[in-house]
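> Next up is a structure, given as structure tokens.
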Amino acid sequence: MSGIKPARRWQPAFYPFKRESFGKRLLAKAEICVKGPLFGCRMCGNCLLQETAFICPMECPKGMRNGPCGGITPEKNCYVDETRKCIWHAIYKRALKTGREEMLLEVLPPLDWNKVGTETWGDVIRQVRKIGTGKFINGILSKDKEEKREVWNSVFKTIRQPEWWQGDAEYHPAPSGGPVSNLETRLREGEFVVATEVTPPLSTGTDRLIRDIEMVKPFVTAINFTDSSSARPKMSGIACCKVAVDQKAEPVFQIAARDTTRTGLQSTIIGAGAMGIKNVLCITGDNSIIGPSPTSTMNFVDIDSVQMLWIIRKMRDESNYLDGRNFKNPPKLFLGAATSPFASDPVLQAIKDHKKVNAGAQFFQTNLIFDPERLDLWLEQLDKRNILNKIFILIGVAPLKSFKIAQYLHLKVPGVSLPDKILKRMEKAGDSAPEEGVQIALEVIDSVKRKQGINGIHIMTLTWESIVERIVTESGLVAPKPPFTSFRAGSKGGLKP
Ligand code: SF4
């Protein structure tokens, strides 16, 4: 347990993969002896403490390096281990208290595993020598805030932002040149868009998948395929997307960081581009703690969803792999991210969402919303950050089929909460629960339709695909859809970039 950090450690400190020289080992020992008790340091060798309010983010079981996942419990605990506080919540709180919250916007790199377990003090010493020890000390002691910041960054930014990453806190709009998918076209034209999801099959048979795609296709603009939701294996998202493309439906390809390495992500994106997939949604993914036994690794993601957005955006806009190799024919993609407006305080949630927009997100699909009035606080925070005009927002809506499902979502699914009145309505409905669930969904849609900054809905069917037609029709959202191949590339449209 450290001296001033607010939580206990999830894991012991990392160890280097290879045997280091005696001098380096000694320095590493000294570093852990100081930074361990003070900041909860786990010796990741890729130190970010200056950007994370001096609390080590590597205490997060998922190893998130760019902010919290959507899984903070109402008690601000971590859903992977509910006996401990979410370390990212602690980081955000301290950053807000000390006026360092804007530092949380810098897109931070994934670990360089070659450095894991080794010291970073050597890098700091080398960098200080490079700019001049005297200049560094004078700068740090300077009363001029700007000078202090500059000197500080000349040492620490170089360390935390290696050549191969160069993350920043800037907004990087997609290149002009028109929309790349039907979903993007419709959003840009100001249409209130409907997307839905079709549950991937458990087996190799595609009959049911094709039937469900055909069933929802006339009523929606795009179809999501979940990526092993609830950490339960099913047909892969990319296979489902290929089936959808073959059926002339427009897929949204969900990629969960949980099962993705940086190498795998880049290869998959090239493959997705080759298959005609145009919409990609980057999500962290449910931790295996909520999946079936035997439980898979709970304690690490190689790249988080912000890093996924950053990598894919650079592949699309700069034709670059992470290792610097250049390639031809970059994929044309409309990039999305998931967000969980009620996962934590709206002020904190908006910081994470801001970072995703900066990293490359062009649209958000939210977690399930049953209490649309609460959305206003979150939208207000996005507006304050001036990002509401940079992102299209699709609100997650679900038709509840039973009281049991309502309870499960409320109690078990991270980031989803159902107000008491909804739970009571579902309980009271008895055998009419499915009808009550549809009415609740229609009420949510009616409410979000009238909110400024909301651009559509995303119907999460919870395996009830046949209800999509009724929901879309009764909510007055049905519109004739041109086939997938006829998206109007080059259309300017344009409520948002
Ligand atoms: S809730 Fe999410 S971000 Fe917070 S510590 Fe747990 S896994 Fe990490």
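> Give the cross-link partners of residue 248 among the aspartates and glutamates, using a straight C-alpha distance below 20 Å as the criterion and excluding same-chain residues fewer than 8 apart.
Result set, ordered by chain and number: 184, 197, 207, 212, 214, 465, 469.
> Separate question: Put 58, 103 in order of accessible area, largest first, 1.4 Å probe: what do you get?
Ranking 58, 103 by accessible area, largest first, yields 103, 58.
> Need one value: the accessible area of residue 96 in square angstrom, 1.4 angstrom probe, rounded to the nearest 10.
About 60 Å², rounded to the nearest 10.
> While we're on this one: At 222 nm, what helix-only mean residue ellipticity would the chain give, in deg cm²/dmol to the nearest 500, using -39500 (n - 2.57) for each DSSP H run of four or more?
-11500 deg cm²/dmol
> Hey, another quick one. Could you work out the relative contact order of the chain? I mean the mean sequence separation of Cα pairs under 8 Å and 6+ apart, divided by the number of residues, in percent.
17
> Return the percentage of antiparallel bridges among DSSP beta bridges fully within the chain, rounded to the nearest 5 %.
Bridges in the chain that DSSP calls antiparallel: roughly 10 percent.
> For the peptides 137-144, 221-228, what is the packing order when you average, over each peptide's residues, the other Cβ atoms within 10 Å and list the highest mean first?
Output ranking for 137-144, 221-228: 221-228, 137-144.
> With every protein chain left in place, what is the accessible area per residue of the chain in square angstrom, probe 1.4 Å?
Solvent-accessible surface per residue comes out at 43 Å².
> Report, to the nearest whole %, how much of the accessible area of the chain belongs to carbon and sulfur atoms, 1.4 Å probe, protein only.
Looking at the chain in its full context, I get 56 percent from C and S.
> Moving on. I'd like the trypsin sites (Lys or Arg not before Pro) in region 387-477 restricted to DSSP loop residues with at most 11 other Cβ atoms within 10 Å, sorted by number.
450
> Can you pick out the pairs among 135/356; 135/157; 217/278; 76/421; 85/384; 314/412 whose Cα atoms lie more than 25 Å from each other?
Cα-Cα > 25 Å for 135/356; 85/384; 314/412; rest within.
> With the contact rule set at Cα under 8 Å and sequence spacing of 6 or more, what percent relative contact order holds for region 277-356?
So the answer I get is 35 percent.
The values are calculated or read from the model by the stated rules, or taken from the named source; none is laboratory data. Everything numeric in this text was worked out from a predicted model, so none of it was measured. No Cβ is skipped: glycine too gets one built from the backbone with ideal geometry, and neighbour counts run over all protein chains shown. Keep in mind that these areas ignore ligands, DNA and RNA; they rest on the heavy atoms of the full protein, side chains included. Shrake-Rupley method; radii C 1.70, N 1.55, O 1.52, S 1.80 Å.
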